[in-house]
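This report refers to the structure that appears directly beneath it.
What follows draws every value from the coordinates through simple rules; no lab data is involved. This is a predicted model, so every value here is computed, not measured. Backbone-built Cβ (ideal geometry, glycine too); neighbour counts: all protein chains shown.
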Amino acid sequence: MKVLICDKTENEYIEQMRAAGLTVDVRDDITPEELPSVLPAYDGMVVRSRTKVKQPLIDVCPNLKVIVRGGAGLDTIDFEYARSKGITVMNTPLANSASVAELAIGYMLMMARSLYQATATVKAEKWDKKNFNGDEIGGKTLGLVGVGNIGKEVSKRAAVMGMTVIAYDPFVKEIAGIKLVTLDELLAQSDYISLHLPKTKESTNMIGAEQFAKMKKGVRIVNCARGGIVEEAALYEALTNGTVAGAALDVFAEEPPVDWKLLKLDNVIGSPHIGAATKEAQARVGAEVADKLIEFAKK
């Protein structure tokens, strides 16, 4: 089986696939323009967030049998269309969970103690101690929108630090240690709201002006899930009118953003979609990708 690696994958696991008899070519810098002429020669492909696999690409690849995405979501792939063409689509839903959860918790701590702003002042050789009277996150209510693998990991860490965890997830009936509530209840009760759900037709812009109006004044928002779940124009308004005290964003509707004004606000911190960017997560992703492809090739 011939496999094209389209995004960064740990070399150890590429060699593991080759040792198992797969022909593996690495083009982790391949462009969207190059893919339609290169991919038809391959039976399988490995992608991360960078490479999009949409219907027009699938249509020119009659030999494609399997797509493996190293990551939790499948929103970068027209997976239903691919499956209708007999292509197996797989991901690695557990590999990134701990890393993304730790980033979300880290962001909550940063906002509670204004760590980004405090660091900026001391780097500027200022000693503005009186301006940094923060909050403890212990005793606060964390509202999780989505309690899949990552949401559960966030909940475990938040509970250890003394937070009360509530959650909204229409696909979950009950979960140990977490009180399930309606979305409106979550918006009204939460001191922190952290998003952990895929971007779908239903979840696109699900947090907009109507939802911000229902939130507790001074709430803080964390989005390490997908850009486009939070309506960015409405978030900007909520951040500037005092409804939302702070936002921490690892993902954006456009990546990189076309309009940077949201990130220029003093009460916003952000990062360039690095939730899964830890050595440990990369190793787990590579191992799981290799296992899935080697097992698939045996069929």
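Determine the alpha carbon to alpha carbon distance for each of LYS152/LYS173; LYS2/LYS279; LYS179/LYS199; LYS156/LYS216 and list only those over 19 Å.
Working: LYS152/LYS173 14 Å; LYS2/LYS279 27 Å; LYS179/LYS199 23 Å; LYS156/LYS216 23 Å.
Correct reply: LYS2/LYS279; LYS179/LYS199; LYS156/LYS216.
Considering the dipole of the chain built from charges on the beta carbon (Lys and Arg +1, Asp and Glu -1) around the Cα centre, which of THR141, PRO56, GLY44 is farthest to its positive end?
Positive-end residue among those listed: THR141.
Mind listing which chymotrypsin sites (Phe, Trp or Tyr not before Pro) in segment 199-295 are in a DSSP loop and have 14 or fewer other Cβ atoms within 10 Å?
Details: sites: PHE212, TYR236, PHE252, TRP260; in loops: PHE252, TRP260.
When the chymotrypsin sites (Phe, Trp or Tyr not before Pro) of segment 199-295 are filtered for loop state and at most 14 Cβ neighbours within 10 Å, TRP260 remain.
Select from VAL172, VAL46, VAL147 the residue whose mean-square fluctuation is largest in a Gaussian network model of the chain (Cα-Cα springs shorter than 10 Å).
VAL172
So how long is each side of segment 177-299 along the principal axes, counting just the alpha-carbon atoms, biggest first, in Å?
57, 35, 27
Please report, in debye to the nearest 20, how large the charge dipole of the chain is about its Cα centre when each Lys and Arg carries +1 at its beta carbon and each Asp and Glu carries -1 there.
The dipole of the chain has a size of about 460 debye.
Applying 1/(1 + (r/R0)^6) with R0 = 30 Å to the Cβ-Cβ distance of LEU265 and LEU109, what FRET efficiency is obtained, to the nearest 0.05?
0.95
Have a look at LYS152, LYS140, LYS261 and tell me which one the Gaussian network model of the chain (Cα, springs below 10 Å) gives the largest fluctuation.
Among LYS152, LYS140, LYS261, the largest mean-square fluctuation in the Gaussian network model of the chain belongs to LYS261.
List the GluC sites (Glu not before Pro) in segment 225-274 that DSSP assigns to loop (not H, G, I, E or B) and whose Cβ has at most 15 other Cβ atoms within 10 Å. Which are they? Please report the intermediate quantities before stating the final value.
Details: sites: GLU231, GLU232, GLU237, GLU254; in loops: GLU231, GLU254.
Qualifying residues, ordered by number: GLU254.
Show me the GluC sites (Glu not before Pro) within segment 65-126 that DSSP assigns to loop and that have at most 12 other Cβ atoms within 10 Å of their Cβ.
Answer in residue order: GLU125.
Which lysines have a Cα less than 17 Å from the Cα of LYS261, not counting those fewer than 8 places away in the same chain?
Correct list for LYS261: empty, as no lysines qualify.
Calculate how many DSSP beta bridges within segment 97-270 are antiparallel, expressed in % of all such bridges and rounded to the nearest 5.
Close to 5 percent.
Just how far, in whole angstrom, is segment 150-213 from segment 59-82 if you go by their alpha carbon centroids?
Their Cα centres are 29 Å away from one another.
Between segment 241-299 and segment 99-149, what is the C-alpha centre distance in whole Å?
18 Å
With springs only between Cα atoms under 10 Å apart, run a GNM on the chain and tell me which of LYS201, LYS217, LYS123 wobbles the most.
Among LYS201, LYS217, LYS123, the largest mean-square fluctuation in the Gaussian network model of the chain belongs to LYS123.
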